[in-house]
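For reference, the structure discussed in these notes is given below.
The values are calculated or read from the model by the stated rules, or taken from the named source; none is laboratory data. In this text the structure is predicted, and so the values were computed from the model without any measurement. Quick reminder, even Gly has a Cβ in these numbers, built from the backbone with ideal geometry, and neighbours come from all protein chains shown. To get the accessible areas, we keep the full protein, side chains included, count just its heavy atoms, and leave off ligands, DNA and RNA. Shrake-Rupley method; radii C 1.70, N 1.55, O 1.52, S 1.80 Å.
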Amino acid sequence: MLRYSIKRLFSLILSLAVASLVIFFVIEIAPGDPASFMLGINAQPDTVAALRTELGLDQSKFSRYAAWVGGMLSGDFGTSYTYRTPVAEMIADRLWVSLPLALYALALSTLIAFPAGIYAAARRGKAGDMSVMGATQLGVAVPNFWFAMMLVLIFAINLRWFNAGGFVGWDEGLLAGLHSLTLPAISLALPQAAILARVMRSALLDILGEDFMRTARAKGLSRRQALWRHGLRNALIPVLTIIGLQFSFLLAGAIIIEQVFYLPGLGRLVFQAISARDLIVVESVVMLLVFAVITVNFLVDLAYAAVDPRLRSRT
């Protein structure tokens with residue numbers, strides 16, 4: 001297990017190094033000069049040059065890349081061009097919204113999908129199975145921003161159980177903060193729950209056809225008992241894959257939902273930074289999200305090895 005973990009860790013570090021190169025240079029070649037954007041089209045060339053020097057934009061791209069990577073390794077993400085505040089502070093403030101939102105949505109998705117997938121697998125071909133599959137097909141087909149708008153219309157405007165948008169802050173208490181994130185979390189969770197439920201059902205049905213499951217049935221276990229005692233653990237590998245990918249998506253891909261609910265999260269920060277050509281903020285936030293995605297995949301790989309020891313001998 002230790003040897004397997006070291007190999008996966010090396011792969012993680014290599015992936016991060018390549019990702020940092022791609023992120024920096026792709027964003028740097030994007031059209032538009034931050035200094036010119038900040039000063040406006042009527043700014044004098046010498047004024048623009050002075051601002052470029054102040055922001056460090058007059059240095060070579062490789063020098064700026066080395067300084068950016070070195071700063072991130074020491075916890076310094078640089079200073080925002082627009083707000084003139086440390087990027088690390090801006091990310092930390094927004095992360096306290098995006099991370100709880102992603103975890104909340106993932107918890108809801110899992111709580112919905114696991115019972116639904118197990119129920120459908122246990123009743124394969126029956127009305128319950130067809131009902132669950134129909135609901136999941138609808139969940140996959142409908143985009144999450146439509147769910148968001150419907151939730152706002154029903155629960156915020158008509159019933160007035162929730163606010164239509166905004167975040168009260170954690171200073172108001174845990175329950176108040178979770179209350180503010182409930183509608184966004186549900187709108188993010190429903191499509192992901194539909195995907196996860198279908199994967200869970202498919203994985204369980206594949207396991208039910210294995211020899212050890214037939215042996216368990218031959219020893220007197222019912223279909224449901226064999227599924228719970230022996231099938232569920234062995235079906236977790238593809239499910240863990242989807243859960244890991246879903247967490248990464250929920251953390252990095254909630255830009256539209258944060259716009260719909262006016263949440264001050266990382267997605268909204270990236271959107272604002274792109275609009276303002278605040279490159280250092282865009283690069284740092286995207287790199288952080290890539291780090292989260294790669295790290296989650298690393299942890300999922302370790303979870304694979306823990307669930308199925310056979311995987312350790314294949315690498």
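I'm checking my understanding of the structure. Among residues of segment 93-109 that are among the aliphatic types (A, V, I, L, M) and touching a helix residue (DSSP H, G or I) at 6+ places or on another chain (Cβ under 6 Å), which one is most open to solvent (accessible area, probe 1.4 Å)? Break it down into steps so the answer makes sense when it comes.
Restricting attention to segment 93-109, the residues satisfying the condition of being among the aliphatic types (A, V, I, L, M) are 95, 97, 99, 101-103, 105-108.
Subsequent filtering for residues that are touching a helix residue (DSSP H, G or I) at 6+ places or on another chain (Cβ under 6 Å) retains 101-102, 105-106, 108.
Values: Leu101: 1, Ala102: 0, Ala105: 0, Leu106: 26, Leu108: 44 Å².
Among residues in segment 93-109 that are among the aliphatic types (A, V, I, L, M) and touching a helix residue (DSSP H, G or I) at 6+ places or on another chain (Cβ under 6 Å), the one most open to solvent (accessible area, probe 1.4 Å) is Leu108.
Just for segment 68-92: of the residues that are small (Gly, Ala, Ser) and touching a helix residue (DSSP H, G or I) at 6+ places or on another chain (Cβ under 7 Å), which one is surrounded by the fewest Cβ atoms within 10 Å (Cβ to Cβ)?
Within segment 68-92, the first condition is being small (Gly, Ala, Ser), and the residues that meet it are 70-71, 74-75, 78, 80, 88, 92.
With the extra rule that they be touching a helix residue (DSSP H, G or I) at 6+ places or on another chain (Cβ under 7 Å), the set shrinks to 75, 78, 80.
Values: Gly75: 8, Gly78: 20, Ser80: 20.
It comes out as Gly75.
Quick one: what pairs do we get from segment 48-71, first residue free of Cβ contacts under 8 Å to residues at least 60 places away in the same chain and within 18 Å of Tyr83 (Cα to Cα), second of a type in the set (Asp, Glu) and not in a helix (DSSP H, G or I), C-beta under 9 Å, 6+ apart or different chains?
Close Cβ pairs (under 9 Å, with a partner that is of a type in the set (Asp, Glu) and not in a helix (DSSP H, G or I)) amount to Val48/Asp33; Arg52/Asp33; Arg52/Asp58; Leu57/Asp33.
Can you tell which of Phe24, Phe37 is surrounded by 14 or more Cβ atoms within 10 Å (Cβ to Cβ), under 25 Å from the mean Cα position of the chain (by Cα) and under 27 Å from Tyr83 (Cβ atoms)? Working first, answer last.
Numbers: Phe37 fails: under 25 Å from the mean Cα position of the chain (by Cα).
Answer to the selection: Phe24.
For the structure I just gave you, tell me whether Phe10 is more than 23 Å from Leu269 (Cβ to Cβ) and either more than 21 Å from the chain's Cα centre (by Cα) or assigned to a strand (DSSP E or B) (or both). Working first, answer last.
Details: more than 23 Å from Leu269 (Cβ to Cβ): yes; either more than 21 Å from the chain's Cα centre (by Cα) or assigned to a strand (DSSP E or B) (or both): yes.
Considered against the rule, which asks whether it is more than 23 Å from Leu269 (Cβ to Cβ) and either more than 21 Å from the chain's Cα centre (by Cα) or assigned to a strand (DSSP E or B) (or both), Phe10 comes out as yes.
Return the residues of segment 240-287 that are under 30 Å from Ile207 (Cα atoms), touching a residue at least 60 places away in the same chain (Cβ under 8 Å) and open to solvent by less than 40 Å² (accessible area, probe 1.4 Å); say none if nothing qualifies.
The answer is Ile243, Gln246, Phe247, Leu250.
Do we have Leu190 as assigned by the TED database to the domain that holds Ala235, touching a residue at least 60 places away in the same chain (Cβ under 8 Å), crowded, with 21+ Cβ neighbours inside 10 Å and within 29 Å of Asp93 (Cα to Cα) here? Give the derivation first.
Numbers: assigned by the TED database to the domain that holds Ala235: yes; touching a residue at least 60 places away in the same chain (Cβ under 8 Å): yes; crowded, with 21+ Cβ neighbours inside 10 Å: yes; within 29 Å of Asp93 (Cα to Cα): yes.
So Leu190 fits the description; yes.
Scan segment 168-179 for residues that are at negative phi and open to solvent by 20 Å² or more (accessible area, probe 1.4 Å) and jot them down.
Across segment 168-179, the qualifying residues are Val168, Trp170, Asp171, Glu172, Leu174, Leu175, Ala176, Leu178, His179.
Please tell me if Gly70 is of a type outside the set (Phe, Trp, Tyr), under 22 Å from Phe291 (Cβ atoms) and not assigned by the TED database to the domain that holds Val239.
Values: of a type outside the set (Phe, Trp, Tyr): yes; under 22 Å from Phe291 (Cβ atoms): yes; not assigned by the TED database to the domain that holds Val239: yes.
Yes: the conditions hold for Gly70.
Given Ala49, Ala88, Ala92, which one is outside any loop (DSSP other than H, G, I, E, B) and more than 19 Å from Leu269 (Cα to Cα)? Steps first, please.
Details: Ala88 fails: more than 19 Å from Leu269 (Cα to Cα); Ala92 fails: more than 19 Å from Leu269 (Cα to Cα).
That would be Ala49, the only listed residue that is outside any loop (DSSP other than H, G, I, E, B) and more than 19 Å from Leu269 (Cα to Cα).
Out of all the residues in segment 10-18, is one or more touching a residue at least 24 places away in the same chain (Cβ under 8 Å), more than 20 Å from Ala273 (Cβ to Cβ) and not small (Gly, Ala, Ser)?
Yes.
Name the single residue that is surrounded by the fewest Cβ atoms within 10 Å (Cβ to Cβ) among those in segment 110-139 being under 19 Å from the mean Cα position of the chain (by Cα) and closer than 24 Å to Asn234 by Cα.
Our first condition is that a residue be under 19 Å from the mean Cα position of the chain (by Cα); within segment 110-139, this holds for 110-113, 139.
Next cut, closer than 24 Å to Asn234 by Cα only: 110-113.
Working: Thr110: 18, Leu111: 12, Ile112: 21, Ala113: 27.
If we take residues in segment 110-139 being under 19 Å from the mean Cα position of the chain (by Cα) and closer than 24 Å to Asn234 by Cα, then Leu111 is surrounded by the fewest Cβ atoms within 10 Å (Cβ to Cβ).
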